[in-house]
Amino acid sequence: MAEPDVIIVGGGLHGCSTALHLALRGVRALVLEKDHIGRHASGVNAGGVRQLGRRAAEVPLSVASMALWHGIRDLVDDDCGFESHGQLKVAETEAELESCRERAAQLTALGFTHEEVVDQAELRRLVPSIAEHCLGALVSRRDGAAIPYRTTFAFKRKAESLGARFHEGAAVARVARSGRNWRVETADGVAHEAPVLVNCAGAWADRLAAQLGEPVPLEVIAPMLMITARVPPFLKPVVGATGRTLSFKQFPNGTVLIGGGLLGRAYRDENRTDLDFAKVTTNARTVWDLFPIMRSATIVRAWAGIEARMPDDIPVIGPSGTEEGVFHAFGFSAHGFQLGPIVGRITADLITRGASDLPVDAFRIQRFRHTAAAA
Amino acid sequence: MTDLKPRYDLAVIGAGPAGLAAATLAAKRGLSTVLLDEQAAPGGQIYRAITRSPVKNPSVLGTDYWHGADLVGPFRDSGADYLPGAAVWSVSRTLDIGLSRDGAARILPARHVILATGALERPFAVPGWTLPGVMGAGAAQILLKTSGLIASGNVVMAGSGPLLWLLAWQYLRAGARIDAILDTTPRENWRRAMPLLPAFARSGYVGKGLKLLLEVRRKVKVIGNVSALRAEGDGRVQTVVYRQGDGAEQRLPADTLLLHHGVIPNINLANAIGCAQSWDEAQRCWVPDVDGWGATSVEGVAIAGDGAGIGGALAAEHRGRLTALDALHRLGAIDRATRDRDAAPHREALDRALRGRDFLDALYRPGREFRVPADETIVCRCEEVTAGQVRDAVKLGVSGPNQTKSFLRCGMGPCQGRLCGPTVVEVIADARGVSPAEVGYYRLRPPVKPITLAELASLPKAEDEVAAVMHH
């Protein structure tokens, strides 16, 4: 079989999206995935498709990605379970409401208008079941949620239909220069070569970066999520809180997902996470306070994926600082799902044109040159 | 209720024969021991309601059932604490046990844990199995033991395995009428089982088993070589449709259809803890990996009884004692030589109890046509996913049950895959043309039993509240 033009390490959403956008440009990618497609963060996250509350550097990317989400079927021939009923962050006190106003003003000053502050009456219209003490909210109306594994799988299948190849169970053992190519050896002794290498290895991406001479201070985390048995529909938007940690949404089938970034323990070499129920209880109390309707709900499952978090909570995107023909897209710090469609396009642009029309300088890997050396 | 200690040397989960025997031995020999059980009274499933069954006539449930009382007395005198009505929904690697009781949750730490979670019926997915009036033979037996209830009207039993015959016998003894038993045991199983017959013939079961079988066959019409089965009805089962071999479809009126295809280990808690497990081709199910003492791949966690592979009630009892001796040793209460010496009689008894098991495994192995249902059959009851949907997902490139879970939601409902896992594995393996060993099983997660938000919110808070990362 012909050698690929690009080897992508990691079959999560970002790897699959990069393969797809390359395929759309006629570039043949080979994706090497150590487990199976969407096995970790991409397949098991909360599925939030959110512009709301993003750090300034991510906002332009998030807005561009949202445009792709609203046409996701055109991109991958599958609606990915995407539904757009908005996302909001509830303010429980006057001080929290004021911080929402400040946030909206900051974004307006940057030229973005997707976040707005709503009063108590509008909050109640959007979320009739919200506890009475809530005063208002910060809202992003075009936000929503999708089904993570289905999304990742749809990107994979579309990429595959356009000529990308995927090897599952192919853990990368070693990368090395081979003339003008990169030679990538997998743990089972198979070697592949291509002039371009992309690091989409998520919580394992620091190992590849270190092999390339640019170590990064990546933290492996395990955000916990739990889901209830079906309850009658009462909620359309995804709800968060301003003053505490929460991500709360109801699926069309009635089950309710409760998350919000409380961390279990991750053991990445074992592909395993442990839940910490003493912390899960904090989420349970938040839901108890904000949604009285949920007090009799039953939790049927809880889990935690394995994700990568960077110290500044924004990802690494862009060319290697040490090697030609290497690009990174990892470290999405537990909020990379919504960015998946656009980051694949950005990476494909960087590979094929040497530039992106979106501002990506803030995500350069070189920002860790000193911190990682000190670590 | 027992006042719980803040911490125990040993926590035993499940009060069937394995759990009762393990807790009794460990407590008698000085370990601070607690026995946690979901039911209101000891006995597990096999000796369910042994202390309180309304069925007082011993000839109905049989002498093997009443043997359960021999385990409960010594347990009561052992000094072990006993917590009935306690649903264990999590055991962490640090052996902190999450449990719910009376609407409140708590975390109970232990130094060693023995899982004695027993067996459950192998899911038997046929078209119409979700209709009211269709239930597992095991469930029917529980109703008989706990409440003296038997099904009325036209009763049809279908399937294969010792429990089916035992229930039929108990039903007849209790005065029930059984219209027919549809025996799905594949003919070719006899060929595989015959070489194992001599060992079975030397076991204690053969005489009792034959007597029981003959009595049932004398009183009930038994239809053998059944190769296809479905339940039909408007709102509930009314008709059972079946085929014998390649024969034409036959119909039987039925108000109740009792299904049974043997029992398999209840691995949910062990799996959620992270205990390594392997595919057992002989028993056609996933079984946790344990050594001769019941020790799993997870430090401090052992499994006793049918949860570590089906061996039956008597074997469970002896395995319980062996795991308890190993717990004593690991916790420093006895040395290795003492453990090995004291284990000898239990090991001998265990060997005796397991004699003939191979024969039963071979004879009562369900046929492919029932393990791998046709497209229209619902396999996941919680999410109403059919075998055909699972096959379609395999065609798209889905390779194992965790991917079908993410893709189709099968196994994501409140039962945590107990009712669909084995069937989904068989369907995927069959569609891919590989062994279930290669397909794998669901990665299960706590809570392995549903808990309410209120129970969870009642847990003591973590000391170190972790700063939130931004949510998705």
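The values are calculated or read from the model by the stated rules, or taken from the named source; none is laboratory data. The structure presented is a predicted model; accordingly, all values stated were derived computationally and were not measured. Cβ atoms come from the backbone with ideal geometry, glycine included; neighbour counts cover every protein chain shown.
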Considering only residues that are touching a Lys or Arg at 6+ places or on another chain (Cβ under 7 Å) and buried (at least 24 other Cβ atoms within 10 Å of the Cβ), which ones fall in segment A:19-30?
A:Leu20, A:His21
Give the number of residues within segment A:251-273 that are more than 9 Å from chain B (Cβ to nearest Cβ), part of a strand (DSSP E or B) and of a type in the set (Gly, Ala, Ser).
1
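Condition check ((1) within 13 Å of another protein chain (Cβ to nearest Cβ); (2) more than 16 Å from A:Gly144 (Cα to Cα)) across all residues:
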position	(1), (2)
A:Val6	no, yes
A:Leu24	no, yes
A:His40	yes, yes
A:Gly43	yes, yes
A:Leu52	yes, no
A:Ala64	no, no
A:Gln87	yes, no
A:Glu92	no, yes
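Every residue, every condition in (1) closer than 25 Å to B:Ile451 by Cα; (2) modelled with pLDDT of 95 or more; (3) out of contact with any Lys or Arg (no Cβ under 6 Å at 6 or more places or on another chain), yes or no:
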| site | (1), (2), (3) |
| --- | --- |
| B:Pro6 | yes, no, yes |
| B:Ala26 | no, yes, yes |
| B:Arg29 | no, yes, yes |
| B:Ala40 | yes, no, yes |
| B:Thr63 | no, no, yes |
| B:Asp77 | no, yes, yes |
Requiring at least 1 residues that are away from every other protein chain (no Cβ under 12 Å) and on the phi < 0 side of the Ramachandran plot, the strands (runs of 3 or more DSSP E) wholly within segment A:274-329 are A:316-319
Given the residues A:Asp74, A:Asp79, which is the only one that is modelled with pLDDT of 95 or more, under 18 Å from A:Gly340 (Cβ atoms) and in a loop (DSSP other than H, G, I, E, B)?
A:Asp79
Strands (runs of 3 or more DSSP E) completely within segment A:131-198 that count 3 or more residues being away from chain B (no Cβ under 14 Å) and out of contact with any Asp or Glu (no Cβ under 7 Å at 6 or more places or on another chain)
A:172-178, A:181-186
What's the total number of residues in segment A:188-222 that are modelled with pLDDT under 95 and in contact with a Leu (Cβ under 6 Å, 6 or more places away or on another chain)?
0
Please find, among B:Arg381, B:Arg352, B:Arg365, the residue that is within 14 Å of chain A (Cβ to nearest Cβ) and in contact (Cβ under 8 Å) with a residue 24 or more places away in the chain.
B:Arg381
Is it fair to say B:Arg357 is of a type in the set (Lys, Arg), buried (at least 20 other Cβ atoms within 10 Å of the Cβ), under 19 Å from the mean Cα position of the chain (by Cα) and away from chain A (no Cβ under 14 Å)?
yes
Which of (1) in contact (Cβ under 8 Å) with a residue 60 or more places away in the chain; (2) among the hydrophobic types (A, V, I, L, M, F, W, C); (3) under 22 Å from B:Gly417 (Cα atoms) is the odd one out, the single condition B:Cys275 does not satisfy?
(1)
Would you check if A:Ala109 is of a type outside the set (Asp, Glu) and within 26 Å of A:Pro233 (Cβ to Cβ)?
no
In segment B:76-99, residue surrounded by the fewest Cβ atoms within 10 Å (Cβ to Cβ) [restricted to those that are under 13 Å from B:Pro446 (Cα atoms) and of a type in the set (Val, Ile, Thr)]
B:Ile97
Please state which of the following conditions A:Ser356 fails to meet, knowing it meets all the rest: (1) modelled with pLDDT under 95; (2) more than 11 Å from every other protein chain (Cβ to nearest Cβ).
(1)
The one condition in (1) on the phi > 0 side of the Ramachandran plot; (2) surrounded by fewer than 24 Cβ atoms within 10 Å (Cβ to Cβ) that B:Trp279 fails to fulfil
(1)
Filter segment B:93-125 for residues that are away from chain A (no Cβ under 14 Å) and touching an Asp or Glu at 6+ places or on another chain (Cβ under 8 Å); which is farthest from B:Ser458 (Cα to Cα)?
B:Ala119
Go through segment B:19-92 and tell me which strands (runs of 3 or more DSSP E), entirely inside it, have 1 or more residues that are within 14 Å of chain A (Cβ to nearest Cβ).
B:87-91
Inside segment B:205-228, can you point out the residues that are of a type in the set (Gly, Ala, Ser), within 26 Å of B:Leu350 (Cβ to Cβ) and surrounded by fewer than 13 Cβ atoms within 10 Å (Cβ to Cβ)?
B:Gly207
Residue satisfying all of: in segment A:252-267; surrounded by fewer than 19 Cβ atoms within 10 Å (Cβ to Cβ) and at pLDDT 90 or above; nearest to B:Cys410 (Cα to Cα) among these:
A:Gly254
Tell me, which strands (runs of 3 or more DSSP E) lie completely within segment B:238-354 with 1 or more residues that are among the hydroxyl-bearing types (Ser, Thr, Tyr)?
B:239-244, B:256-261, B:277-280
In this structure, is A:Trp182 surrounded by fewer than 22 Cβ atoms within 10 Å (Cβ to Cβ) and of a type outside the set (Gly, Ala, Ser)?
no
Please determine, by comparing only the residues of segment B:419-444 that are among the charged types (D, E, K, R) and surrounded by fewer than 21 Cβ atoms within 10 Å (Cβ to Cβ), which one is farthest from the other protein chains (Cβ to nearest Cβ).
B:Asp430
Given the conditions (1) in contact with a Pro (Cβ under 6 Å, 6 or more places away or on another chain); (2) assigned to a helix (DSSP H, G or I); (3) buried (at least 22 other Cβ atoms within 10 Å of the Cβ), every one holds for A:Cys16 apart from (1)
Can you confirm whether B:Thr117 is modelled with pLDDT of 95 or more, more than 15 Å from B:Tyr364 (Cβ to Cβ) and crowded, with 17+ Cβ neighbours inside 10 Å?
yes
Name the residue that is farthest from the chain's Cα centre (by Cα), counting only residues in segment A:226-240 that are buried (at least 21 other Cβ atoms within 10 Å of the Cβ) and more than 9 Å from chain B (Cβ to nearest Cβ).
A:Leu235
